[in-house]
Each structure stands twice: as C-alpha cells, then as structure tokens.
1. Given Cα pairs under 8 Å that are at least 6 residues apart, what percent is the relative contact order of the chain?
2. Note down the magnitude of the dipole of the chain about its Cα centre, charges +1 on Lys and Arg C-beta and -1 on Asp and Glu C-beta and zero elsewhere, to the nearest 20 debye.
3. Scan the range 20-84 for chymotrypsin sites (Phe, Trp or Tyr not before Pro) in coil per DSSP, keeping those whose Cβ has at most 11 other Cβ atoms within 10 Å, and list them by number.
4. Just the Cα atoms of the range 1-52: what Rg and Dmax do they give in Å?
5. In deg cm²/dmol and to the nearest 500, what is the mean residue ellipticity at 222 nm of the chain if only DSSP H runs of at least 4 residues count, each as -39500 (n - 2.57), divided by the residue total?
6. Given all pairs of different Cα atoms, what value in angstroms does the Kirkwood hydrodynamic radius of the chain take?
Amino acid sequence: MNFEITHPFHPQRGAQFVLTRRRNDWGEDRVVFFDTHGKLRSIRTSWTSLAEPDLYARASAGRSWFRIDDLLRLAAEVAELKARSRA
C-alpha cells in the first residue's frame, strides 16, 4: 500500500512511499517505510494520506489552518515569553 506525506511543512510533502507497517510508537500512531536511500523511517500517521480526516479541517473547508483554542494558547505563550524577556 502506498501513502503520501501530506503535512504542509514537511520537507518531503507530496513524496510517496510504500507502507512497510503501521504501529504505535511513543504513544503515537506511526507508519514505517523505507526512504529513497533504503533507510527504515517512521512518521506520524496524521502527517500522511493514511490519516483519518480531521473533523476541524473538514468543517473549515480550508478557510483556516488554526483552531481558536490553539491560537489562544499560542497568544498566552507569546505574552509569557515577552514578559520574561522584559524581566
């Protein structure tokens, strides 16, 4: 079975590989494959075409890459970093 790397920021986005196996490593669902150099690699399944459709992404229909709670958390972390740099 073939799969494609679909993560928007992965350097190999769009590359297709043959699935060797799928397993749970480090508490994550991962796919295992051989890269173009023959080295065994693994990647999060959610970064591939084998992932279940993300409900938020489906509902937003490409209008937004970010969830509100993620943006609020990011804003809080940025504010905390700014406060630390002033101290």
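Read-outs throughout are calculated quantities, based only on the coordinates presented, and are distinct from any laboratory measurement. Since the model is a prediction, treat every value here as computed from it, not as a measurement. Note: ideal-geometry Cβ built from the backbone for every residue, glycine included; neighbour counts use all protein chains shown.
1. On the way: 88 pairs, mean separation 16.4, N = 87.
Relative CO of the chain lands at 19 percent.
2. On the way: 15 positive and 11 negative charges, 39 e Å.
In total the dipole reaches around 180 debye.
3. On the way: sites: 26, 33, 34, 47, 56, 65, 66; in loops: 26, 65, 66.
Those satisfying the criteria are 26, 65, 66.
4. 10.1, 28
5. Numbers: 2 runs with 25 residues, N = 87.
Rounded to the nearest 500, the figure is -9000 deg cm²/dmol.
6. Values: mean 1/r = 0.0648 Å⁻¹.
Across the chain, the inverse of the average 1/r is 15.4 Å.
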